[in-house]
Amino acid sequence: MPRRTKISLVAVFAVVLILLGFLVFLLAYDDLKRIGWVQGLAGVIMSLIVAVVLFSIVYSAAEVRGAAFLGGVLGISGAALFYVFLLPRIYPFFFPARSVSGYVYFKRNNPGEALQAVANVTARIPATNQHSNPTDETGYFTIADVYVDPTKLDFDYAANTYLVNVSDYPDQHYDIIPRPQIEPTPNQKPLVNVWKKSDWYKCDLRRDEGYTAVEAFSLETDLKKDDGERSSEAKILHVRTTLDSKVGDLTQPRNFSPEKGMNAVQPGDHPGRDHGWLWTDIKDEKAKVKVAICVSRKNGGRKPEANDLTTVYWYGVLK
């Protein structure tokens, strides 16, 4: 039976030296080291070196049938383990981490306009999904431990995402956030005698919160747009009610019509005193509104009446 040929150590060393030479070339230039595909290729080359060395050791030393297959399995397995477990630990030594930072501003109407910083914007690198903390009042953000120079950044603000090319902003001043619309002064129209004590809306008596009685009220009426709201194509309907402070607390609000309504809170609202509803897409000239709410009271509170609820409505263009 013919004796199997041993792998020449010279050939193994030659392959390893070629791979090492290519690896050194990739790692010698800082500009190359910051490119994602270069970092990936460097990791593959390191793994190939491990695979070649393990294969040659097993193939040359094992005097068994199938040594080539065994060497291939061990080489590939060793390379995979190196790539998954060891490479991430030595990565920082080859590719030092840095931070990506900058400032986020509202868009300027003209080049000479002063920049206005935007707070609460989150920057993110799409390629790695690394993200910053929300920007502060100066608009500053920073993303730490970045190995690759990002070519694109995402900026998340107010449920919207703005994608930019980093090269378009060499000074890291990202004036990209559209300025918010200015809501025209709303024409708040009072609603009189619209609330009724409800015999169909059921309220929970929340004794664990200290309440001893509860009353249900409902509002069902058509709310029309005025001339100004029609001309501005206002589609966002606001309904707000305030309860007399001598009565109790507003609890358990409910919206029935239009169906896609939501509770709305405004700056300065007092819990239990003020409550609002909001509908965002009223295209018709009027909306048939049906809502309900409870007035919960504690010992000593006066029994509420419908006229204890002061209510206004208007159509606007902003939430």
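The values are calculated or read from the model by the stated rules, or taken from the named source; none is laboratory data. Remember, predicted model here, so these are calculated numbers, not experimental data. Cβ: placed from backbone, ideal geometry, glycine included. Neighbour counts: every protein chain shown.
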- [ ] Working carefully through the options Ser218, Ser245, find the one that is at pLDDT below 95 and either out of contact with any His (no Cβ under 8 Å at 6 or more places or on another chain) or over 16 Å from Tyr313 (Cβ atoms) (or both).
- [x] Ser245
TODO: Just give me the residues in the range 121-142 being of a type in the set (D, E, K, R) and assigned to a loop (DSSP other than H, G, I, E, B), in sequence order.
DONE: Asp136, Glu137
Task: strands (runs of 3 or more DSSP E) completely within the range 231-284 that count 3 or more residues being in contact with a Gly (Cβ under 7 Å, 6 or more places away or on another chain) and touching a residue at least 60 places away in the same chain (Cβ under 8 Å) - done: 236-243
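Can you find even one residue in the range 5-16 that is more than 30 Å from Gly139 (Cα to Cα), basic (Lys, Arg), in contact with a helix residue (DSSP H, G or I) (Cβ under 6 Å, 6 or more places away or on another chain) and at pLDDT below 75? Even if it seems obvious, please write down each step before you answer.
First pass over the range 5-16, keeping only residues more than 30 Å from Gly139 (Cα to Cα): 5-16.
Filter again for basic (Lys, Arg), leaving 6.
If we keep only those that are in contact with a helix residue (DSSP H, G or I) (Cβ under 6 Å, 6 or more places away or on another chain) too, we end up with 6.
Add one more test, that the residue is at pLDDT below 75, and what stays is 6.
Within the range 5-16, one or more residues are more than 30 Å from Gly139 (Cα to Cα), basic (Lys, Arg), in contact with a helix residue (DSSP H, G or I) (Cβ under 6 Å, 6 or more places away or on another chain) and at pLDDT below 75.
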TODO: Evaluate the range 257-278: report whether one residue or more is over 35 Å from the mean Cα position of the chain (by Cα), assigned by TED's automatic domain parsing to the domain that holds Ser232 and among the small types (Gly, Ala, Ser).
DONE: no
TODO: Sort through Lys298, Lys283 and tell me the only one that's surrounded by fewer than 13 Cβ atoms within 10 Å (Cβ to Cβ) and more than 34 Å from the chain's Cα centre (by Cα).
DONE: Lys298
TODO: Could you please tell me which pairs satisfy a Cβ distance under 8 Å, a separation of 6+ or placement on different chains, a first residue in the range 140-161 that is closer than 27 Å to Leu318 by Cβ and in contact (Cβ under 8 Å) with a residue 24 or more places away in the chain, and a second residue that is crowded, with 17+ Cβ neighbours inside 10 Å and of a type in the set (D, E, K, R)?
DONE: Asp154/Arg124; Phe155/Arg124; Asp156/Arg124
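Residue-wise test of (1) surrounded by 14 or more Cβ atoms within 10 Å (Cβ to Cβ); (2) aliphatic (A, V, I, L, M); (3) modelled with pLDDT under 80; (4) assigned by TED's automatic domain parsing to the domain that holds Tyr162.
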site: Leu23; (1), (2), (3), (4): yes, yes, yes, no
site: Gln39; (1), (2), (3), (4): yes, no, yes, no
site: Tyr59; (1), (2), (3), (4): yes, no, yes, no
site: Ser77; (1), (2), (3), (4): no, no, no, no
site: Arg108; (1), (2), (3), (4): no, no, no, yes
Open item on the list: If a residue must be of a type outside the set (A, V, I, L, M, F, W, C), surrounded by 11 or more Cβ atoms within 10 Å (Cβ to Cβ) and assigned to a loop (DSSP other than H, G, I, E, B), how many such residues does the range 196-209 contain?
Closed with: 5
